[in-house]
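Undergrad: To start, I am sharing the structure in question, which I have written as structure tokens.
The values are calculated or read from the model by the stated rules, or taken from the named source; none is laboratory data. Not measured: the values here are computed from a predicted model. A quick note on method: Cβ atoms are made from the backbone with ideal geometry, for glycine too, and the neighbour counts reach across all protein chains shown. These accessible areas exclude ligands, DNA and RNA; they are computed on the full protein's heavy atoms, side chains included. Shrake-Rupley method; radii C 1.70, N 1.55, O 1.52, S 1.80 Å.
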Amino acid sequence: MGVYHYATICTNGHIVNESAYKYTPFCQTCGKETVSNCQKCETDIRGAYSTEYGYETDYRAPSYCFNCGEAFPWTKMLLNNAIELIALDDQLPNDIKEIIKNALPDLIIETPSTPLATAKYKKFIPSAAKYVQDGLKNLLVDVASETVKKALWG
Ligand SMILES: [Zn+2]
Ligand SMILES: [Zn+2]
């Protein structure tokens, strides 16, 4: 049986330490405050998983709290930034903005709706301004699953 360790992650989503609780108060990469608990239910954020054979090597900051479902600060920020970016595009009709916005959560997390969200995004994103398309790609490329990345950007 393995165990989950604590994690220290900054509010921008940088992993400060994947096996220590409140390792440092601030992130050495961006200077933001770090968290080790969900801000809603205070449950410890899951860090790396380890077994008798060692630590998992591909630890990524979780997007949502496993206990209450609250989005972590970095997830909220990513979604907010994406939504603000879409809002900048005056030429894009509101109904298309809505479709793209609604697809975003299923692009960053693999869900049963991910293939549908990917298809919608692919269909409607070419209507958006180039800077919106590029900006969204920059935001999503670090967090989207391999399947989504492949489907959207080859
Ligand atoms: Zn940081
Ligand atoms: Zn929580």
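Undergrad: With +1 on each Lys and Arg Cβ and -1 on each Asp and Glu Cβ, how big is the dipole of segment 1-70 about its Cα centre, in debye rounded to the nearest 20?
TA: So the magnitude is around 200 debye.
Undergrad: If you average 1/r over all unlike Cα pairs in the chain and invert the result, what Kirkwood radius do you get in angstrom?
TA: This gives a value of 16.8 Å.
Undergrad: Here is a further query. Please give the peptides 120-131, 103-114 ranked by average Cβ packing (other Cβ atoms within 10 Å per residue), highest first, as a rough proxy for protection.
TA: 103-114, 120-131
Undergrad: Another question, if that's okay. Give the relative contact order (percent, whole number) for segment 56-140; include only Cα pairs under 8 Å separated by 6+ residues.
TA: 29 percent
Undergrad: Name the cysteines of the chain that stand alone by the Cβ rule: no other cysteine Cβ under 4.7 angstrom.
TA: Lacking a cysteine Cβ partner under 4.7 Å: C30.
Undergrad: Let me ask you something else. If I take all pairs of Cα atoms in segment 73-153, what percentage of them are more than 19 Å from each other?
TA: Across segment 73-153, Cα pairs with separations above 19 Å total 27 percent.
Undergrad: Same structure again: Amide H to amide H, which residues 5 or more places from V16 or on other chains are under 5 Å from it, using H placed in the peptide plane?
TA: Close amide H contacts, sequence-distant or interchain: T8, I9, C10.
Undergrad: Just the accessible area per residue of the chain, please: how many Å² with a 1.4 Å probe?
TA: For the chain, the solvent-accessible area averages 60 Å² per residue.
Undergrad: Next up: Can you give me the Cα centroid spacing of segment 1-46 and segment 110-138 in angstrom?
TA: Between the Cα centres of segment 1-46 and segment 110-138 lies a distance of 30 Å.
Undergrad: Helix check for the chain. Which DSSP H runs span at least 20 Å along their own axis by Cα, with a mean Kyte-Doolittle hydropathy no less than -0.5?
TA: Membrane-span-like by this rule: 73-87, 94-108.
Undergrad: Calculate the dipole size of the chain relative to its Cα centre from +1 charges on Lys and Arg beta carbons and -1 charges on Asp and Glu beta carbons; express the result in debye to the nearest 20.
TA: I would put it at about 340 debye.
Undergrad: Could you calculate the FRET efficiency of V141 with N81 from 1/(1 + (r/R0)^6), where r is the beta carbon distance between them and R0 is 22 Å, rounded to 0.05?
TA: Here the calculated transfer efficiency is 0.95.
Undergrad: Taking amide hydrogens as modeled 1.01 Å from N in the peptide plane, which residues meet the under 5 Å criterion relative to Y64, leaving out close sequence neighbours?
TA: F72
Undergrad: In whole percent, how big is the carbon plus sulfur part of the accessible area of the chain, probe 1.4 Å, protein atoms only?
TA: Looking at the chain in its full context, I get 52 percent from C and S.
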